[in-house]
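The values are calculated or read from the model by the stated rules, or taken from the named source; none is laboratory data. The structure displayed is predicted, hence computed values, not measured ones. Cβ placement follows ideal geometry from the backbone for every residue including glycine, while neighbour counts extend to all protein chains displayed.
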Amino acid sequence: MSEDALGTENAPSPELFDKIVNLTKRRGFVYPSAEIYGGFRSTYDYGPVGVLLLRNVKDAWWRSMVQLRDDVVGLDASILSPPQVWEASGHLANFTDPLVDCTNCNTRHRLDKLEDPKVCPNCGARGSFTEPREFNLMFKTQAGPVQDAGAVAFLRPETAQGMFINFKNVIDTTRVRPPFGIAQVGKSFRNEITPGQFVFRTREFEQMEMEFFVHPDEANQWYEYWCTERYQWYLDHGMPAELLRLRPHDDDELSHYSSGTSDVEFLFPWGWDELEGIANRGNYDLTQHAEHSGEKLEWYDQAANERWVPHVIEPAAGATRTAMAFLMAAYDEEEVKGETRTVLRLHHRIAPYKVAVLPLSKKVELAEPARALAKELRNSFMCDYDETQAIGRRYRRQDEIGTPYCVTFDFDSLEDHAVTVRERDSMEQERIAIAEVGAYLRERLV
Ligand code: GAP
């Protein structure tokens with residue numbers, strides 16, 4: 001049995017995966033991109049509900065990595081960049097995957113991902129592959145109207161280099177001193193040979209990366225620290241421990257400059273796969289950019305009168321991939337009064353809407369005060385409002401998009417100035433004074 005197959009008995013089934021992909025389309029999480037033109041090769045658009053989910057994943061990351069810390073600052077670097085950056089980083093020479101063509105059915109495959117490197121997974125032919133060639137994953141484009149060599153630009157394949165090339169700017173313009181980090185969330189682009197498994201591997205995706213600059217002698221301890229922190233982040237946001245593991249890389253998986261890398265992995269229907277890598281990158285990146293740019297990229301410790309090139313610990317996560325894992329982990333079905341209830345048990349910080357206001361009837365005497373309550377709650381939370389269909393069906397719809405609380409405004413509300421608040425997971429209901437609803441929710445949704 002392969003290492004990857006070990007301990008996979010808890011994996012969500014392929015049927016469950018199909019159900020979740022279905023739900024994401026039906027409820028406005030994710031649409032195939034350019035669908036009215038037949039779709040466009042593994043690209044996806046995030047719909048009205050999905051955009052909230054994805055934003056919440058990124059915000060939760062930013063909150064714990066930047067907002068709650070005094071040793072990490074943020075950055076938003078450009079996506080377009082000149083070849084020099086990628087020459088220095090090593091991506092122009094090394095950011096490649098081995099590509100083989102099947103001479104029998106003319107399909108292309110990534111050699112290192114094939115179950116049997118001799119057999120074509122499309123047509124089953126044996127020994128039909130061409131010699132492997134290295135295929136560079138970067139998207140090349142041109143900046144400006146003239147197509148000469150000076151116009152060549154690349155879409156970044158990772159956000160990380162933005163932090164390295166701004167290292168000097170950040171230390172010159174802020175009060176940071178090592179150990180400190182620079183964090184960034186944004187789009188990256190890779191011309192993947194075999195994108196797939198829904199939004200797991202796409203050519204356009206979002207990353208959440210942080211480069212943490214430390215004294216060389218402290219690199220190992222900070223590496224351990226960030227492995228623990230990052231693993232815990234997923235647990236804190238509702239990932240069940242049995243679907244999550246931290247896997248240290250074997251020596252033959254490490255890049256030449258890395259002295260340690262661990263992946264946070266999620267148990268997908270196809271087995272354990274990566275959500276995030278935490279790498280001890282040494283001083284490789286700063287040294288490379290210093291050599292290629294001619295700038296000094298080092299730290300001067302005035303008190304000790306010492307200069308040194310910081311080592312870097314890099315937690316690098318995928319936002320789109322993580323959003324998908326949260327959906328998979330949260331999906332649940334249960335029997336309620338003879339019917340199947342589908343519910344996304346998302347952590348409240350990740351849930352797209354925090355609350356939905358549902359007047360029992362759309363008659364104006366209920367709809368008007370219910371709309372007023374929704375308007376007030378919107379000052380603090382993403383709040384949905386729905387007055388169509390029977391109340392039971394509206395609850396089910398909110399369950400399916402993971403809304404933690406539903407507030408029902410009924411005819412009694414006009415008399416007792418209270419509403420019924422229903423909690424998603426337990427379906428328990430409480431009568432709460434209208435004036436108290438905001439405080440009640442704030443206490444539970446921190
Ligand atoms: N700077 C280091 C770096 O980019 P990586 O392991 O190549 O490391 C980090 O990428 C994370 O970005 C991955 O763990 C994964 O979550 C996400 N990612 C990478 N390629 C992706 C793709 N094609 N589609 C979706 N997410 C991807």
Among (1) touching a Leu at 6+ places or on another chain (Cβ under 9 Å); (2) modelled with pLDDT of 95 or more, there is one condition S64 misses while meeting the rest; what is its number? (1)
Selected residue [in contact (Cβ under 8 Å) with a residue 12 or more places away in the chain, among the β-branched types (V, I, T) and away from the ligand (no atom under 14 Å from the Cβ)] from T261, T287, T228: T287
Answer residue from region 301-349, given it is more than 16 Å from the ligand (Cβ to nearest atom) and hydroxyl-bearing (S, T, Y) and is farthest from D71 (Cα to Cα) among those: T340
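Please enumerate the residues belonging to region 333-352 that are among the charged types (D, E, K, R), part of a strand (DSSP E or B) and farther than 27 Å from L54 by Cα.
Correct list: E335, E339.
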A careful count of residues in region 44-75 that are part of a loop (DSSP other than H, G, I, E, B) and closer than 14 Å to G181 by Cα gives 5
Every residue from region 351-388 that is more than 16 Å from L441 (Cβ to Cβ) and crowded, with 22+ Cβ neighbours inside 10 Å: P359
Unique match (being touching a strand residue (DSSP E or B) at 6+ places or on another chain (Cβ under 6 Å), among the hydrophobic types (A, V, I, L, M, F, W, C) and within 12 Å of the ligand (Cβ to nearest atom)) among L275, L243: L275
Single residue of region 140-194 satisfying the filter (assigned to a strand (DSSP E or B) and more than 16 Å from the ligand (Cβ to nearest atom)) that is farthest from L114 (Cα to Cα): F180
Within region 161-177, can you find the residues that are out of contact with any Leu (no Cβ under 8 Å at 6 or more places or on another chain) and either of a type in the set (F, W, Y) or buried (at least 19 other Cβ atoms within 10 Å of the Cβ) (or both)? Q161, I165, I171
Positions within region 379-394 being free of Cβ contacts under 8 Å to residues at least 60 places away in the same chain and within 17 Å of E436 (Cβ to Cβ), in sequence order: N379, C383
Of the numbered conditions (1) within 21 Å of F212 (Cβ to Cβ); (2) buried (at least 20 other Cβ atoms within 10 Å of the Cβ); (3) in contact (Cβ under 8 Å) with a residue 60 or more places away in the chain, Y331 fails exactly one; give the number of that condition. (1)
Out of E134, E115, E158, E87, report the one residue that is closer than 26 Å to L297 by Cβ, under 34 Å from the mean Cα position of the chain (by Cα), loosely packed, with under 14 Cβ neighbours inside 10 Å and not aliphatic (A, V, I, L, M). E87
Out of (1) at pLDDT 95 or above; (2) of a type in the set (D, E, K, R); (3) within 12 Å of the ligand (Cβ to nearest atom), the one E253 does not meet is (1)
Given the conditions (1) at pLDDT below 95; (2) more than 24 Å from the chain's Cα centre (by Cα), every one holds for D97 apart from (2)
Taking region 195-209 as the search range and keeping residues that are within 16 Å of the chain's Cα centre (by Cα) and in a loop (DSSP other than H, G, I, E, B), which one is farthest from L275 (Cα to Cα)? R203
